[in-house]
Each structure stands twice: as structure tokens, then as C-alpha cells.
Amino acid sequence: MQIVIDHTTTYRYGDAPLRVHQALRLWPVPGGGQVIYEWRVDVDGRKIRPTSRDGFGNPVATHVAEGPSAALRLHVHAEVETLDRHGVVGHTEDSLPPAFFVHPTLLTSADAAILEMAHGTARDSESDVARLHRLSAAVRERIDYQPLTTDVATPAAEALAAGAGVCQDHAHVLLAAARALGHPARYVSGYLCASAEQIAASHAWVEIYVEGLGWVGFDPANQICPDERYVRVATGRDYRDAAPVRGVRVGGGIESLEVLVRVGDQ
Amino acid sequence: MTQASAPVFDEMHSDGATRAPYALIDAWLQALPPEHVALKRREAEEWFRRIGITFAVYSEGGDPERLIPFDLIPRVLAQSEWQRLQRGLEQRVRALNAFIHDVYHDREILRAGRVPQQLVLGNPQFRPEMAGFELPRRVYTHIAGIDLVRTGPDQYYVLEDNCRTPSGVSYMLENREVMLRLFPELFRRASVAPVAHYPDELLETLRSVAPVHCRGEPTVVLLSPGIHNSAYYEHAFLADEMGIELVEGADLIVRDDICYMRTTGGLERVDVVYRRIDDDYIDPLAFRENSLLGVPGLYFAYRAGNVNLANAIGAGIADDKAVYIHVPEMVRFYLGEEPLLANVPTFDCRKPDDLKYVLEHLHELVVKEVHGSGGYGMLVGPHASSAERAAFAAQLRARPHEYIAQPTLALSTVPTFVENGIAPRHVDLRPFVLTGECTRIVPGGLTRVALREGSLVVNSSQGGGTKDTWVLENDKGLD
Amino acid sequence: MLARTASNLYWLARDLERADYTARLLLSAAHLSAVRADGDRDSEWRAALAASGSSLENADSTRVVRYLAFDSSNASSIVSCLENARRNARAVRTALTVDMWDAVNGTWLELRSFDPAKMDEDRLSAFLDWVKARTGLFHGAYASTLLRTDGFRFTRLGQFLERADNSARLLAERVSASLSTSDAQNIDDQAALAVLRVVGARRAYRVFYKGRVAPRAVAELLMLRPEFPRSLVYCFEQITQQLAEIRDQDPRQSAECKRLAHLMYAQLRFGRIDDVLDAHPTARLRDLIARIGEISAQVARGYCF
């Protein structure tokens, strides 16, 4: 499927900041069933290219915007061709071994409720893939899709207790539960082309390492394995590692964010 | 294993005689009038206070700019004793560097099952940010402080490795400086290997690990958390001695993955950062986002190969107290050699058998937190009350993987001035091993001394003092 | 040099200059209130308070001394200045000579031996004399040991910007009211005398002026006499000279502070006292203080402090 992404994020500040530093993870690694025809990122009209990769293999770049400007506009334009691989990403060439991804992080540590959900779902005589599908379904069942009830710093346990959240929270809870059962699991940030309206938000899901298959994608928010509508961008242990944008700034008052994403198929 | 009750080895007097390396010191002490000692001690203290060498102790009230007590009696090593240690230190640090490179690349030692995979990959000191990253000369711990203890004429043990930001070298240098001022005559009679060239060696080391495409003379800076840091004096001292800028996070800025310092004339490019800030605080864009000490984007400039950091991010994986257990195995694995320096036998509380033994023998063991440092969070069994031991046992059972235990070694003693004259006090030794295009070790290191009678804890945060450490230039005339 | 280092040296010198000035103000107040015929115990102290640029409710001698000398919550009290100076010195240890460090650190160490709770008049004088001597030691130490590179220039810049500010304030608070009246009196003007005492210029005054001590002549001495090292014109001669010598990679960056400083210097260098003060001396002096403040702000901007 041919996908076109036009993703604009505008950061607005209460006061003009003295300086904004951002680290961007907005470029996909080639391969994995994706062919990139074009991928362009610019900040206030200035083109940015990734200059190195982080430990997870994600292409990264940083930029500094010196004030005084009360807004900052990030734009991604991409044209990608994707295949439906039924979620199977397979054995990727990574610097970090799957075994690393079995350890919890601050955002994905499993509390009693997550452990109970993980072990309660697992049955003895079933395949890993079947078990993970049911786990993913359980996560979606327990967490209602409700924007603005959580933020990017909400830990999995809190999101589960609240019973509400967005795709990050679904991903974090599934990561915590899968790891608790001993499955290496990683966070994926990317884009989803919800073809009916051809407009969607950027998205987050999970990849779990299954012996024999390698990494397999699970999208707990939509209850499927990623197909040709998904564009993988960055991976990590949780949101913090794979966040499309991480920023710090000097001055600037209150920050607000406005996102406009168009992911359309052609 | 030597227990605390076993006879203690005194480095000066052993078997009723004075050991050869200490002959001069012994004669000097005999001839030194007591009132002279009091005067010299005051002079030494005045000197340290005047230069402002102080040490802030956490979690303690009182004077935030307390001096670390300095003892006038030097600790002496014969050249032959030092040679042996030096070879062992070089070997150990080579293995540590090879290990750190390995765990961030092919992880052969884990695949070979020589170090448990879980111990490395699940360790908070393992930094995935470093995976697959090629460093200049593959050096991670450019400055390593290896803590050694001695229990007999030929028995040395490594107590712990400090691969992150070991401190104390300024004391090594200032201790010698003050001794030379107070007792020039003594140095004329002895031939003591100099240590004053350490800053030059350090600067050479740092320059030799500049990024590969750095042209011309590399610009090196020392990055300090600032004047509130307990080791600030050392940061200023080393920067001054090396003739490099002492910078704080706000003095550096990263643009387009290049690191610059802010000067009155604009931005100036930086090639190597000798950083004395922990990994967690070094770059808020990559690690703790609320860190005000760090430099946004420094990690990315580092990964882009435009600036080098000493020590490397993630070097702490090699000085974890549970990883320590495996260092002799690293020497065999990477170097194909037998380790020249032994580890203290260590019980790994994550192993059920070890834990059982430790709980049964708490009264004779030292128990340490795997991730602790500076003498905090440890139990010295023989000196603890039974209530303290019981409380610690509960913690151990609850979180065994966070602890290791070691027998309480009978650390060697060196004569030390105490309230009433001279008495033996336990010591350790921290030599500083520099690794760049070659390995450099300034003879000796920092001798720390436990000033309280019978105490085995030498940490300055726990009431320890320091001594000048002598390595004799040659052993001629020694038996 | 590192911008922060320059800033620390600049503030180190400013704080010590300020400590010296405050000690001089208090010494003068102590003396004058002791010799006052009318027995008014507080007005000299209030005048000292005003000349330091501070204000305080119910100011009497005890409160003023406590506030200006020992109050660590007052950022420009003597003890705060000495503490700040030590903190700045520690932060730039590598940029100081040993003698400079000894002067600052020694002062800080000795400061602990003065107990504010036990200050009577004699002890206070001893303390204030000590402050003058210690700050003098620092000024001498840097003048005779520091390399004539940018570190020296920023130190001197700080010292003389602070001094200019102090001299201007002293005139504005103590004699500006009497400047508009004529000088044809036959007794010494008490306020003008007090000014001379603070800046230690009784003798200097006699060198240039005959007869009674008059406010206008004192103002001229403190503003326009290039021979007098606390005069504004002397301070700005120093300031413009340092600004000219500081190594600049990008002259545009520091152009504004240089322009303002040179403008000020030219006016003081070529001005006559009647023109400089015209019919509104108080307003003129306040304007001067504001311009000195603006130059300080531009220096900070021009050198990335």
C-alpha cells in the first residue's frame, strides 16, 4: 500500500522561550516491509537530517531553536510503500539482544494488578502467539480509549488502575504484562493510516519476541497485528526511548501542543 | 581467608622488626620531637585550609567545608611491591575496558556463559544508549580508581573497581605537596618516585582519545556539577593543573551535534569532555529530563562522533559490585591470562546457597549494597549490634539480589598519629589507572586510613583520613 | 575566556568594592554621630543607609548596622558581599592567582571570628577597618599578580563600575539637595564633609580647593577630577580602557556597552560642573545612576554573562 504522511506539530509557548532543544526520532529504519520513497523533516522550514543512531538503532537528530519565537513548527512529509506481514517483523539487525527487552522500566513496571492480569490470561497449553493475542485483548478490555486522561509520563500500573488511556497506555500495559510472563517486548512509535477517513493520529504499539518468528507486532488499541496500514518509525523499551520528540527549553512559560496529522493512502 | 581475629599485618613492624621499606621512616619518627609533630600537624592543616581542599559530607550536619584529616606518617611501598601491583592493575583495567566494549557490542562473554546475561542486561548501569557505538581506541574507563587492600607481605586484594568518576587524586597530589613543604629534609634522604606529573599524564590521555576526525590540537574541558559538589576542589585543581577550562553544564552548548563552550568572544569548539557528572545527569534530552547540570544534546554529539566523553557513558556496568565477582573471569576470557590481582572472595546473595551462608555468618561478614558507594548502606558484621544485624538480615531476605557479602579482611595497618602518640591504623590504597593510547599509572595512589581504632571503614564520608603514599625509586639497600 | 569565568571575576570585584564602600559609609556614620553637637543619634545612620541605596523601616543605629553589615538576607550587606565574593572566587579558582585566592579565602575564614551579636562601637570600628584592609589587600593582590589578559580586564571593569555607581549614589543621596544653593557660606557644609570622609578625601580636597568645604566643589571632585581615583571620570577612564582591550571575536556583540561607556566618559571628561549638574542636580545624578545601571546591563549582554 502506498502511504503519504503529512504530519505537522506546532509547539506554542506562553512566553517566547530563550532556547528550545529537541531530540527527534522521526525517521524510520529502512526494511521491515517498508520501502521509503521520500521522508523529509523540517523545523520552521529548515530541513533536518538524522546524523547518528541511538542504541536502539533509531535515526536521531537534535536541533536548537533560539528565541524569541513563541511557536515552533515541526513538519514530516513522507511517502512509503508498505506490505501486510501480519505483524511479523522478524529478526531485525539490532545492537541490543531480545533478552534486554524483558526487563521492566519505570513506565512499564508491573504491579500486582498487571501481574494478575498477565498470569490470569495465560493458559498452559497454548502457543505464545495465541497467549499474546489474548493478553493484548485483555489490555484493550481493561483500558477504555479516553484521550487526555493520561499523559506520556503515566506509568502502566496507573493507567490500568484508571481504566482509561490512549495507545501509549495500552502499549505500556501490554509491555509490562508480556515482560512479566518472560517475553521480551518493545515499544514502537509510528503512524497508522485509518483508511476510512484517511486521517489519523500518530500511533504506538508493541512488538513481542516470539521464538522462531522473531519480533511480532501487536496493537492492543486496535486489537490486531499491524498490517499494511502501519508505518514503523522508532523502537525502545517504552515511550521515553522511542518518543518522536523530546525537548528541554530555557524559559518560555507554558507549552501547548497542536498536532495535525494526515496519513493517507494513494 | 584471613578473619578479623587473625593477626593483623603491620606494614612497618612485622615479626618484631622494622620492615625494610620503612627503615627511614622509623628512624625519622624516633628522632622527631613530639612538639615538632604538633607544630607540623598544625602547619599541614593550615596549608590544606588555605588552598581550600575540603570535602562535603552528605547527610551530616556541621561544617560543609570540612577537611579530610591528613596523617603525617607516609605509607611506603618498595619498588618491587609496586611493580607487582602495577602489572596487576594494568591487566585488570585492560580486561574491564574489553568487557565494557563487549557488553555494548557482541556480548561474547554473555554468550559464552562466563558472566550471567541477566546480571548485565538487567543492570541499571547497563546503558542501552551505548549499544553498537564505536568509541575512539575502544576505551571506556579512561580514568579508573582501583581500591586495593593488603593482608600480608604478599597478599593484595581488589576491594572494588571505580570505573565511572573516581575521585581522590587531588589528595594524592596535595598530600605529597604538603609533605615536601613540611619535611624537605626527609625527601632528600629517601628516593621517592614523584607523582606530580599526574595532570600531564591525564591531559595526554584525554587528548589521545579525541574524536578521530578532530584536526589539530584537541580542546579538552573538565565538566563539573559546580561548587556545591563534594569533589569541586578536585575539579578546579585538575583543570588548573592541566591548563584547561573548568566548565559547568550551562557553559557548553550543542548545535548541529557539535559541542561548543561559551566564551566572551563567542562559541569555541570542544573535542573531549572530562566529565565529573554522572550518566543520569549529563544530557536531559537523553537521560533525566529534569537535570539542570547537564548539556542538552551532548549524548547526540557524542554518538555522532563529534565529541568524546571521559569516562564513557555506561562504564558503570563494570564496577557494579555484583559484576565485580566476575572480573577475574574477564581477565581469563579477554586476555587469556591468569589474574595477577585477586578479588576478595565474595558471596553473591542472589544465589540461594550464598544467601543462606551470609545470613548464618552475618557477624563475621561485610555486606554491601550492589549499587551503593562511598561506604553508605553497608553492614560491618563484627562491629554491628545484634539489633543492627537483625534489621539488615530482614533487608537481605527481602531484596537478596541487591547485596553481596565479603569476609571482613584483616586490613594491613600503618603507624598513624593518634591522640596519644602513634598507633597502627587500617589502610587501603586507590591507585589511578589512565588509559588512552597507552596505559599510564603514577606510582602509588591515594592511601586512605581508618582513624578510629579498630575501624575498617576508610571512606572519607565515614571519618577516614589520608596519607602520603611513597613508592621507593629503587630497592637498593633494602633486604 | 569562558563567559561564566568573566562574569564571576567581574562580580567578585564588584562585591568586594561594595563591601569596602559600605564599610566606609558605616565608619563615617559612626564618627559623625559621635561628634554631632545636637545629639541626634540616628540621622547619620539613616543617611548612610540611603547612600547605600537601601531603605529600612524604623531605621536606627542598631538596625542600620545590622542590616548593612551583618544581615545575610540583604544581598548587599558586607557579610553577603564577602560570602558572594568567596563563592565567585571558588567558582573561578583556576582564573585567580594564589594571592587573590588567599585574600578572598583568608577574609572569608577570618569573617567567622567576628560575632555580630557582640558588636559594640569599638568592635564595630575594628570590624569595619578590617573590611577596608581586606578589600584593599584583594585590590592590591590582583593589581600586582594577575596577568594583563581578559581576566584582569573583567575584574577591573567590575571594580570600577561598582565604584562609579557608589560615588554617584553618595553624591545623589548626601549633597544633591544643597547643590542648587550657592556655595557662598562661611562654614563647612556638614553633608559635604561627610562625603569627603566616606571617600577619604579631606586632604585631596585641600589640594584642589581653598576655603570651606562646599557641596559643589565636592561634587566636582567626585565627578570630574581625573586625578582622584574615586571620581566618576577616573572610573570611566578605567572602564573604557578595559572595554577597548578585551579581546573580541565579534565586535558587534559588545558595541552597545562600549558606545554608552564612551559617551559617558566624554561627557565627564569634557564637561564642566555647571553644565553637568545644571539647574536640576538631583535629577541629573539620578539619571547618571540609571545610565551606569544600563551600562552594567549592556556589559552582561555584550559578553554573554
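From the list B:ARG127, B:ARG189, B:ARG164, B:ARG176, which one is of a type outside the set (Asp, Glu) and surrounded by fewer than 21 Cβ atoms within 10 Å (Cβ to Cβ)?
B:ARG189
What are the pairs, 6+ residues apart or on separate chains, where a residue within segment C:202-230 that is within 18 Å of C:TYR265 (Cβ to Cβ) has its Cβ under 8 Å from a residue that is basic (Lys, Arg) and crowded, with 21+ Cβ neighbours inside 10 Å?
Within 8 Å, the pairs are C:LEU222/C:ARG230; C:ARG230/C:ARG163.
Which residue out of C:LEU26, C:LEU16, C:LEU12 is buried (at least 23 other Cβ atoms within 10 Å of the Cβ), under 14 Å from the mean Cα position of the chain (by Cα) and within 14 Å of chain B (Cβ to nearest Cβ)?
Testing whether each residue is buried (at least 23 other Cβ atoms within 10 Å of the Cβ), under 14 Å from the mean Cα position of the chain (by Cα) and within 14 Å of chain B (Cβ to nearest Cβ) leaves just C:LEU12.
Counting only residues that are more than 17 Å from B:PRO194 (Cα to Cα) and either part of a loop (DSSP other than H, G, I, E, B) or outside the structural domain of B:ASN162 (by TED's automatic domain parsing) (or both), how many does segment B:430-467 have?
Of the residues in segment B:430-467, 13 are more than 17 Å from B:PRO194 (Cα to Cα) and either part of a loop (DSSP other than H, G, I, E, B) or outside the structural domain of B:ASN162 (by TED's automatic domain parsing) (or both).
Taking segment B:250-286, which residues are over 13 Å from B:PRO225 (Cβ atoms), in contact (Cβ under 8 Å) with a residue 24 or more places away in the chain and in a loop (DSSP other than H, G, I, E, B)?
Listed by number, the residues that qualify are B:ASP257, B:VAL270, B:ASP271, B:ALA286.
Name the single residue, out of those in segment C:90-137 being touching a Phe, Trp or Tyr at 6+ places or on another chain (Cβ under 7 Å) and part of a helix (DSSP H, G or I), that is nearest to C:VAL199 (Cα to Cα).
Here the residue is C:PHE127.
Out of A:ALA130, A:ALA61, report the one residue that is modelled with pLDDT of 90 or more and either assigned to a loop (DSSP other than H, G, I, E, B) or at the interface with chain B (Cβ under 10 Å from one of its Cβ atoms) (or both).
Result: A:ALA61 is the single residue among A:ALA130, A:ALA61 that is modelled with pLDDT of 90 or more and either assigned to a loop (DSSP other than H, G, I, E, B) or at the interface with chain B (Cβ under 10 Å from one of its Cβ atoms) (or both).
For C:ALA59, are the conditions met, namely being over 14 Å from C:VAL131 (Cβ atoms) and either outside any helix (DSSP H, G or I) or in contact with a His (Cβ under 9 Å, 6 or more places away or on another chain) (or both)?
Yes: the conditions hold for C:ALA59.
Exactly one condition in (1) crowded, with 20+ Cβ neighbours inside 10 Å; (2) in contact (Cβ under 8 Å) with a residue 60 or more places away in the chain; (3) out of contact with any Ser or Thr (no Cβ under 6 Å at 6 or more places or on another chain); (4) not assigned by TED's automatic domain parsing to the domain that holds C:TYR303 is not met by C:MET100; state its number.
(2)
Considering only segment B:97-121, state which residues are within 24 Å of B:VAL433 (Cβ to Cβ), assigned to a helix (DSSP H, G or I) and at pLDDT 95 or above.
If the condition is that a residue be within 24 Å of B:VAL433 (Cβ to Cβ), assigned to a helix (DSSP H, G or I) and at pLDDT 95 or above, then B:ASN97, B:ALA98, B:PHE99, B:ILE100, B:HIS101, B:ASP102, B:VAL103, B:GLU108, B:ILE109, B:VAL120 are the ones that fit.
Please pick out the residue among A:ALA159, A:ALA234, A:ALA177, A:ALA204 that is part of a helix (DSSP H, G or I), assigned by TED's automatic domain parsing to the domain that holds A:ALA118 and touching a strand residue (DSSP E or B) at 6+ places or on another chain (Cβ under 6 Å).
Just a single option satisfies the conditions, and that option is A:ALA159.
Take the residues in segment C:205-256 that are polar (S, T, N, Q) and assigned to a loop (DSSP other than H, G, I, E, B); name whichever of them is surrounded by the most Cβ atoms within 10 Å (Cβ to Cβ).
C:SER231
Can you tell me which residues in segment A:180-194 are closer than 18 Å to A:ALA118 by Cα and in a loop (DSSP other than H, G, I, E, B)?
A:LEU181, A:GLY182, A:HIS183, A:PRO184
Wholly within segment B:296-398, which strands (runs of 3 or more DSSP E) include no fewer than the required count, namely at least 3 residues that are within 30 Å of B:GLU453 (Cα to Cα)?
B:365-369, B:378-380
Report yes if C:VAL198 is more than 30 Å from C:CYS304 (Cα to Cα), touching a Ser or Thr at 6+ places or on another chain (Cβ under 6 Å) and surrounded by 15 or more Cβ atoms within 10 Å (Cβ to Cβ), otherwise no.
Yes, satisfied.
Filter segment B:270-297 for residues that are among the small types (Gly, Ala, Ser) and within 18 Å of B:ASP256 (Cβ to Cβ); which is nearest to the other protein chains (Cβ to nearest Cβ)?
Result: B:GLY297.
Provide a single number: the residues in segment B:220-242 that are crowded, with 24+ Cβ neighbours inside 10 Å and in a loop (DSSP other than H, G, I, E, B).
Qualifying residue count for the region: 1.
Take the residues of segment B:418-459 that are hydroxyl-bearing (Ser, Thr, Tyr) and under 21 Å from B:VAL380 (Cβ atoms): which is modelled with the lowest pLDDT?
Per the stated criteria, the residue is B:SER455.
Name the pairs whose Cβ atoms lie under 9 Å apart, with the first residue in segment C:234-263 and within 15 Å of C:CYS304 (Cα to Cα) and β-branched (Val, Ile, Thr), the second at pLDDT 90 or above and assigned to a helix (DSSP H, G or I), and 6 or more positions between them or separate chains?
C:ILE246/C:ALA6; C:ILE246/C:ASP150; C:ILE246/C:ARG153; C:ILE246/C:PHE154; C:ILE246/C:LEU157
Run down B:THR469, B:THR413, B:THR439 and say which single residue is surrounded by fewer than 22 Cβ atoms within 10 Å (Cβ to Cβ), under 23 Å from B:LEU32 (Cα atoms) and out of contact with any Cys (no Cβ under 7 Å at 6 or more places or on another chain).
B:THR413
If you go through segment B:122-133 one residue at a time, do you hit one that is in a helix (DSSP H, G or I), of a type in the set (A, V, I, L, M) and within 14 Å of chain A (Cβ to nearest Cβ)?
Checking segment B:122-133: at least one residue is in a helix (DSSP H, G or I), of a type in the set (A, V, I, L, M) and within 14 Å of chain A (Cβ to nearest Cβ).
Restricting attention to segment C:115-139, report how many residues are loosely packed, with under 12 Cβ neighbours inside 10 Å and under 15 Å from the mean Cα position of the chain (by Cα).
Total satisfying the criteria: 0.
Testing B:TYR299 on (1) crowded, with 23+ Cβ neighbours inside 10 Å; (2) over 27 Å from A:PHE56 (Cβ atoms), one condition comes back false. Which one is that?
Only one criterion is unmet by B:TYR299, namely (2).
Considering only segment A:82-107, how many residues are surrounded by fewer than 15 Cβ atoms within 10 Å (Cβ to Cβ) and closer than 30 Å to A:ASP44 by Cβ?
Qualifying residue count, segment A:82-107: 0.
Return the residue satisfying two criteria in turn: it lies in segment C:35-70 and is free of Cβ contacts under 8 Å to residues at least 40 places away in the same chain and under 19 Å from the mean Cα position of the chain (by Cα), and of such residues it is surrounded by the fewest Cβ atoms within 10 Å (Cβ to Cβ).
C:SER55
Restricting attention to segment B:327-338, report how many residues are out of contact with any Lys or Arg (no Cβ under 7 Å at 6 or more places or on another chain), surrounded by fewer than 22 Cβ atoms within 10 Å (Cβ to Cβ) and of a type outside the set (Asp, Glu).
Total meeting the criteria: 4.
Looking for whichever is assigned to a helix (DSSP H, G or I) and at positive phi here; the options are B:ARG176, B:ARG181, B:ARG137. Which one fits?
Only one candidate qualifies: B:ARG137.
Looking at B:PHE133 and the list (1) in contact with a Gly (Cβ under 8 Å, 6 or more places away or on another chain); (2) aromatic (Phe, Trp, Tyr); (3) surrounded by 22 or more Cβ atoms within 10 Å (Cβ to Cβ), which single condition is not satisfied?
Failing condition for B:PHE133: (3).
The values are calculated or read from the model by the stated rules, or taken from the named source; none is laboratory data. In this text the structure is predicted, and so the values were computed from the model without any measurement. Using ideal geometry, Cβ is built from the backbone for each residue, glycine included, and neighbour counts are taken over all protein chains shown.
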